[in-house]
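Visitor: I have a structure here, written as structure tokens, and I will follow up with some questions on it.
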Protein chains: 2
Amino acid sequence: MSKNLTKRGEDYSKWYNELVVKADLAENSGVRGCMVIKPYGYAIWEKMQAELDKKFKETGHQNAYFPLFIPKSYFSKEASHVDGFAKECAVVTHYRLKTGEDGKTIEVDPDAKLEEELIVRPTSETIIWDTYRGWIQSYRDLPLLINQWANVVRWEMRTRLFLRTAEFLWQEGHTAHATQTEAIAEAEQMMNVYADFAQDFMAIPVVKGVKTANERFAGAVETYCIEALMQDGKALQAGTSHFLGQNFAKAFDVKFANQEGKQEHVWATSWGVSTRLMGALIMTHSDDNGLVLPPNLAPIQVVIVPIYKGDEQLAQISEEANQLVARLRKVGISVKYDNRTTQKPGWKFNEYELKGVPLRVAIGPNDLANGTFEVARRDTLTKETVISIDIVHYIQDTLEKMQQNLFDKAFAFREEHITEVNTFDEFKDVLENKTGFVSAHWDGTPETEEKIKDLTKATIRCIPLDRKEEAGTCVLTGKPSAGRVLFARAY
Amino acid sequence: MSKNLTKRGEDYSKWYNELVVKADLAENSGVRGCMVIKPYGYAIWEKMQAELDKKFKETGHQNAYFPLFIPKSYFSKEASHVDGFAKECAVVTHYRLKTGEDGKTIEVDPDAKLEEELIVRPTSETIIWDTYRGWIQSYRDLPLLINQWANVVRWEMRTRLFLRTAEFLWQEGHTAHATQTEAIAEAEQMMNVYADFAQDFMAIPVVKGVKTANERFAGAVETYCIEALMQDGKALQAGTSHFLGQNFAKAFDVKFANQEGKQEHVWATSWGVSTRLMGALIMTHSDDNGLVLPPNLAPIQVVIVPIYKGDEQLAQISEEANQLVARLRKVGISVKYDNRTTQKPGWKFNEYELKGVPLRVAIGPNDLANGTFEVARRDTLTKETVISIDIVHYIQDTLEKMQQNLFDKAFAFREEHITEVNTFDEFKDVLENKTGFVSAHWDGTPETEEKIKDLTKATIRCIPLDRKEEAGTCVLTGKPSAGRVLFARAY
């Protein structure tokens, strides 16, 4: 049975769109640009949430919840912030509907116009800093370390499931500190939390760096980021952490009395990752057969499929299968026994391959006779026969190996796709043919950055934190440069 | 140090409003009717969420996520549904802001008007049933058992923290079934899940019942509910579970092929509880000293406060305290050692009393000498001296007792406040003076129900599921009645 999935080599973008829908992760809704996250996709997101939430709490953060709506006037208090977001805001103007004159249709009630329009939050700095003014009086109230899990809306014109949607789910951390040093340390810490999460939990290698002024968050002094590389050689920004200086504290008049009793403006950070990570996950590991999931993120880690003729054989196999289910659950492995009689084994094999279940265990008559199981790995598509006494340990061990193998594979791909170039011809050639990150000297000006973008569609993804000091000349202008930055075409 | 908390006996409503703010649970925001849920309040909500989510998953439900926005036209497809919600809807009409002519202010861009207005979801039946049309083809796709954790908006004119806010957080389950019997069983099951959660986890006794036609959810055939009684004798609807019949399936054309291949409309339920439960929690257990939390819901179950003179004594006490922290954490008790030197013990005692921390352990010089701890219970405000070897067991045991004690106390109060009356004079007298639930005969007509409401402000909270068949005459009209229903003034 064919999955009818477009091959990555044929059309990567089409493959992605099809996979998201066919693997039951998400689908478009009747509302322009808004997605429905289906149960299987949401279960993966819940695993990300749980792990991130644990990491936030371990680093001293607490969750809270702030309003969905932001009065228009708040929004414009921080000048660069409003410039960054005003062009893509959903605006609430009325608070009531009424029956139309025909007595059937409903329409917006013109008498129920809001005095001040409300913006559906695209990010919550403004409403949160308006609130923090009441929470912060003294250095004793600092640091204030808060995170929120929420939905946000940015009215994007071109949307793609998970990667760019009008509404998306995310977390946004918003912290307040007594000193600049402490706020910068917090922003760097959260970038590291994200990097560890991406690498250790999602098996996605990332480059840590800072954004150039052009690519910075609207209202930030410095934007730290983690950048991942997708299989098609395009980069994806997987998380950002902003040092906001005193910009929002000044815009919302948030001051504290320091230890000497003097009033000072507070220092701020904000940081977030979103359901966009689902896109990164898919485009880092999956293949032409469907989704590939790192075991840490798989809602079902092991599926057991019986191969049988007749009810009696099914009963015998089910006994074995149920024992295996119990043994695996005991050690914390999530397992499903698919004994549906309405579907053939081949159909089930395809289905679980498409959905990226890490290990598939088949039990047939021969296995029953020999006390064995046939175990198939989703990442390598290899099979092995394992005897019953070894099976639990084998599965535990293989899941760990798969988690590491997926990271190693993605890391090797990423390393192969960071190319140092020293001329603009090379630059263009790599972008067109080899793809991936192009490591090049840049003269440090927004103008050159913009020009390169116009000529090649590549942007500076980041100035890597671990870049070596290396004098060079800008790949476009020939002007002096102090080190290489990473360019790429990006999602 | 006084807490400046209004006494319940003086002004219950004022006491509630003050307590919510002073105990750091929530506060009003700059956005009309929208609250900020503060970290301490959110931590309690997270505990409710975790327990409910576990119960939903144990009963076979999966989480998913549907859009925040609902096109206006969807909203009007189910006639009674639109009637129920149209008067309190936030409406998005535009998708962009622009700089005003003065170059400073921002305004809504009139060129960015949506073709069709979007409603911010007040509940998601319409968008979800529009989606289910694509998910359900055959009986094999049923039952579909889905839950969503989300924010919703109902533009209430009079708002109160947690009890009635324009935006609130909730979960909404939406299930689809092949038969009416199965859908009714699901709606009843979820009412029972809510009742068990309220009673066993929140220590809130509830009456299970069904709503009268007047009080039914807009679009439901039957609304099951759990009703709780607050300390001021007013009722609070703590959760509802609706049997929706085929109303939404018909409105959104959701059919399935049954086992005989015949097309039928699907049967539906929906069910939800919200951050309103926080209000129920507060008004069931708390007292004039502040919040009282059942141990199951307490973010901090035990707080340890050192009573000392000088650094050396603090060091000795801290050693004991840290050992106790370790011993308690080992058995899964959440504990905080408050060794702040900026605040006096008395201040801390007040603070943790206000915040409802179930047990307070004080360690002073005498305790140090005797190897004892002084343990104070928040519910009874009693103290006991406990020797070190017994302390962990004592705390575990006392927390369990407190959970039960809070339920028992609330249950006794509720039982005392269900009064059977047989005349309308008695009816009014109980409502005015004794307050609580009034158990009375009613002739079954919406007109009588409405009239009683006009005369007394009392509504029928529910027709209890366990009511006994008892012939009687309506307390207002004298017409025949088959059994008593529960009236009350309500939140």
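Visitor: If you take every DSSP beta bridge whose two residues both sit in the protein assembly as shown, what share of them, in percent to the nearest 5, is antiparallel?
Guide: 85 percent
Visitor: How far apart are the residue A:262 label points across copies, placing each 7 Å from Cα toward Cβ, in nm, shortest first?
Guide: 8.5
Visitor: If you don't mind, another one. Antiparallel versus total DSSP beta bridges in segment B:418-488: what percent is that, nearest 5?
Guide: So the antiparallel bridges in segment B:418-488 amount to around 75 percent.
Visitor: While we're on this one: From the phi angles alone, apply the Karplus equation (6.51, -1.76, 1.60; θ = phi - 60°) to segment B:320-334 and give each ³J(HN,Hα) in whole Hz, x where the residue is Gly or Pro.
Guide: The phi angles translate into 4, 4, 5, 5, 5, 3, 4, 5, 6, 4, 4, 9, x, 9, 8 Hz.
Visitor: What's the FRET efficiency of residue A:336 with residue B:326 using the Cβ-Cβ distance as r and R₀ = 25 Å, to the nearest 0.05?
Guide: 0.05
Visitor: Something else about it: Among the trypsin sites (Lys or Arg not before Pro) within segment A:224-266, which fall in a DSSP loop and have no more than 13 other Cβ atoms within 10 Å of their own Cβ?
Guide: A:262
Visitor: Any chance you could check the Cα centroid distance between segment B:186-244 and segment B:138-162 for me, in angstrom?
Guide: Between the Cα centres of segment B:186-244 and segment B:138-162 lies a distance of 15 Å.
Visitor: Next up: List every residue whose amide H lies under 5 Å from the amide H of residue B:160, counting only residues 5 or more places away in sequence or on a different chain, with H placed 1.01 Å from N in the peptide plane.
Guide: Under 5 Å from the amide H of residue B:160: B:165.
Visitor: Cα centroids of segment A:453-491 and segment B:368-394: how far apart, whole angstrom?
Guide: The two parts, judged by their Cα centres, are 65 Å apart.
Visitor: As a test of the formula, what do you get for chain B when each DSSP H run with n ≥ 4 contributes -39,500 (n - 2.57) and the sum is divided by the residue count, at 222 nm and rounded to the nearest 500 deg cm²/dmol?
Guide: -10500 deg cm²/dmol
Visitor: Taking H as built 1.01 Å from N, whose amide H comes closer than 5 Å to the amide H of residue B:355, not counting residues under 5 places away?
Guide: So residue B:355 has HN proximity to B:291.
Visitor: Same structure, new question: Would you tally the net charge around residue B:383, using a Cβ to Cβ cut-off of less than 10 Å, leaving residue B:383 out, and scoring K and R as +1, D and E as -1?
Guide: Here the count lands on 0.
Visitor: While we're here: To make sure I understand, if each residue's beta carbon is the centre and we count other beta carbons within 10 Å, what order do B:89, A:225 fall in, fewest to most?
Guide: Fewest-to-most ranking of B:89, A:225: A:225, B:89.
Visitor: Hey, another quick one. Among B:314, A:68, which comes first, second and so on when ranked by fewest other beta-carbon atoms within 10 Å?
Guide: Ranking B:314, A:68 by Cβ neighbours within 10 Å, fewest first, gives B:314, A:68.
Visitor: Also: Quick check: Cα centre of segment B:305-347 to Cα centre of segment A:33-53, how many Å?
Guide: Answer, in whole Å: 40.
Visitor: Setting aside same-chain residues fewer than 8 positions from residue A:401, which lysines have a Cα under 26 Å from its Cα?
Guide: A:47, A:54, A:55, A:208, A:330, A:336, A:348, A:355, A:383, A:409
Visitor: Roughly how tilted is helix B:180-196, in degrees to the nearest 10 and between 0 and 90, from the longest Cα axis of chain B?
Guide: That helix lies at roughly 20 degrees to the long axis.
Visitor: Now, a different point. How far is residue B:400 from the same spot in each other copy, in nm, shortest first, if each label point sits 7 Å from Cα toward Cβ?
Guide: Going from nearest to farthest copy, the values are 3.7 nm.
Visitor: Quick one: helix A:276-285 against the long Cα principal axis of chain A, what's the angle to the nearest 10°, folded into 0 to 90?
Guide: 40 degrees
Visitor: OK, next. Show me, for segment A:106-121, the HN-Hα J-couplings you get by feeding each phi into the Karplus relation (A = 6.51, B = -1.76, C = 1.60, θ = phi - 60°), rounded to Hz, glycine and proline as x.
Guide: Result, ordered by residue: 10, 9, 5, 7, x, 6, 10, 8, 5, 4, 10, 5, 10, 9, 6, 3 Hz.
Visitor: For each of A:174, A:265, B:61, A:94, count neighbouring Cβ atoms within 10 Å of the residue's Cβ, then give the residues from fewest to most.
Guide: A:265, A:94, B:61, A:174
Visitor: Say a label goes 7 Å from Cα toward Cβ at residue B:87 in every copy; what distances in nm does this one have to the rest, shortest first?
Guide: With the label placed 7 Å along Cα→Cβ, residue B:87 yields 4.3 nm.
Visitor: Around residue B:96, which amide H atoms from residues at least 5 apart in sequence, or from another chain, sit under 5 Å from its own amide H, with H modelled in the peptide plane?
Guide: A:89, A:91, B:109
Visitor: Residue-wise, which Karplus ³J(HN,Hα) couplings in Hz belong to segment A:469-478, taking 6.51 cos²θ - 1.76 cosθ + 1.60, θ = phi - 60°, and x for glycine or proline?
Guide: Taking θ as phi minus 60°, the curve returns 5, 8, 5, x, 10, 4, 5, 9, 9, x Hz for segment A:469-478.
All of the numbers you see were taken from the coordinates with simple rules; none came from a lab. The shown structure was predicted, so the numbers you read here are calculated from the model rather than taken from an experiment. Counting neighbours? That spans all protein chains shown, and the Cβs are built from the backbone with ideal geometry, glycine included.
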